[in-house]
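Notes follow once the structure below has been shown.
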Amino acid sequence: MSTPQTVLDAINKLDADDQAAVQSYIDNLKSQAGIVDDKPEIVVDESDAEDESSPSPSPAAAAAASDDLPQYQSGEDYDQATTYKMEAADLKSSGDYAGALEKYNLAIQAAPPSALLLANRADSLYRLDRYHDAVGDCAQALKANPDSAKALRIRGKSFKALGEYDKSRRDLSASQTIDYDDGAAEDLKFVTEKVKEAEAEVVKVRIEEQEKAMKRATEIKKRQEEEEAERMREAEEEEDAGGMGDMPGMGGMGGMPGGMGGMPGGMGGGMPGGMGGMGGLMAEVMSDPELAAGLQNPKIMAALSDPSKMMGLMNDPETAPIVQKLMTKLGPMMGGMGGMPGMPGGMGGMPGGMGGMPGGMGGMPGGMGG
């Protein structure tokens, strides 16, 4: 008994899995009816919108697949391979994916596998949560037929399960342009959203890194400016603190011989010894800005070298305030200083001399007569 041609035409329009299921059902009916054919009337068409004549993967490519999966080695028993494929389709239809996987393994070992056969085994692997193995079989299938929609779809779903959303999006998008599938459309929508989220996170991280870098650069610049300002301030302080310092080159102030007329009472006692070093005397004088500036007046500097000129400075409007202030400042440190003209009493000895002035102030011998 032969199957009507119209039935055969309808069956040939089905994909490989459905064809195998229908053929198995017909064979069971014939077996129950006691009908035996010399050979199957239906040749399973595994094209599934793909080219069955596509070259099979090379043994080297097959070896790259999972070590746990049997791969084609040699032999060309296509009839036996077809039988295994039909049995695998029956098991797969009943939900026995482990059993289907075993039959697909045998079919692949019987003869060089087509891209569709590898994609069908990848489908069983995917359903058994063996996503990496499924990706491997799909990769082999796509080497044989780059336009295998099923291989692209199964690999895209496997990548999705592995969390590799960008790869999944590429495969699912490519499969949809070849053979649209509603389930794949939902998967594609999901992974596309995930990719957008990942890209947004990358942009966010990049912006945060740029902001941190700018903040660090600003802090470094500010610190450098503060350090430079501190260096300039310290340099100005050192320059101001220098002032007159020691006054090298100024000879000591010799004794004041003889008596100076017009000074009642005269100057009693001499000024013993010279003053060594700056000590507290010069520090006290130089701490006063007005005195420090006045001591640089050529007239006062000359008087310091020649004490005989000091009296004249008291009558000079330019230098009198400085001399008076100097005397006031030095008063507590000097012995008993008698009066200048009009000042009663005499000038006692000056203990020590003025620091920094080599030679110091010599003693003033004798008293100053009236």
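The values are calculated or read from the model by the stated rules, or taken from the named source; none is laboratory data. Everything quoted here is computed from the prediction, not taken from an experiment. Ideal geometry is used to build each Cβ from the backbone, glycine not excepted, and the neighbour counts take in all protein chains shown. Surface areas here come from the heavy atoms of the whole protein model, side chains and all, with no ligands, DNA or RNA. Shrake-Rupley method; radii C 1.70, N 1.55, O 1.52, S 1.80 Å.
Tabulated data
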{"item": "Pair list, Cβ under 6 Å, 6 or more apart: segment 125-137 residue within 11 Å of A98 (Cβ to Cβ) and part of a helix (DSSP H, G or I), other residue open to solvent by 30 Å² or more (accessible area, probe 1.4 Å) and modelled with pLDDT of 95 or more", "result": "R127/Y97"}
{"item": "Complete set of residues in segment 159-181 that are in a helix (DSSP H, G or I) and open to solvent by less than 50 Å² (accessible area, probe 1.4 Å)", "result": "F159, S168, D171, L172, A174, S175, Q176"}
{"item": "Output for segment 138-158, where each listed residue is buried (at least 18 other Cβ atoms within 10 Å of the Cβ) and not in a helix (DSSP H, G or I)", "result": "N145, S148"}
{"item": "Residue among A217, A283 that alone is at pLDDT below 80, open to solvent by less than 100 Å² (accessible area, probe 1.4 Å) and more than 24 Å from R153 (Cβ to Cβ)", "result": "A283"}
{"item": "Hits in segment 72-120 - residues which are open to solvent by 20 Å² or more (accessible area, probe 1.4 Å) and part of a loop (DSSP other than H, G, I, E, B)", "result": "Y72, Q73, S74, G75, E76, D77, S94, G95, D96, P112"}
{"item": "Matching residues in segment 289-329 - criterion: being within 60 Å of the chain's Cα centre (by Cα) and open to solvent by 20 Å² or more (accessible area, probe 1.4 Å)", "result": "P289, E290, A293, Q296"}
{"item": "Among the candidates D147, D137, D171, residue that is within 30 Å of T82 (Cβ to Cβ) and in contact with a Gly (Cβ under 6 Å, 6 or more places away or on another chain)", "result": "D171"}
{"item": "Residue in segment 190-206 that is over 18 Å from E164 (Cβ atoms), hydroxyl-bearing (S, T, Y) and out of contact with any Cys (no Cβ under 8 Å at 6 or more places or on another chain) present", "result": "no"}
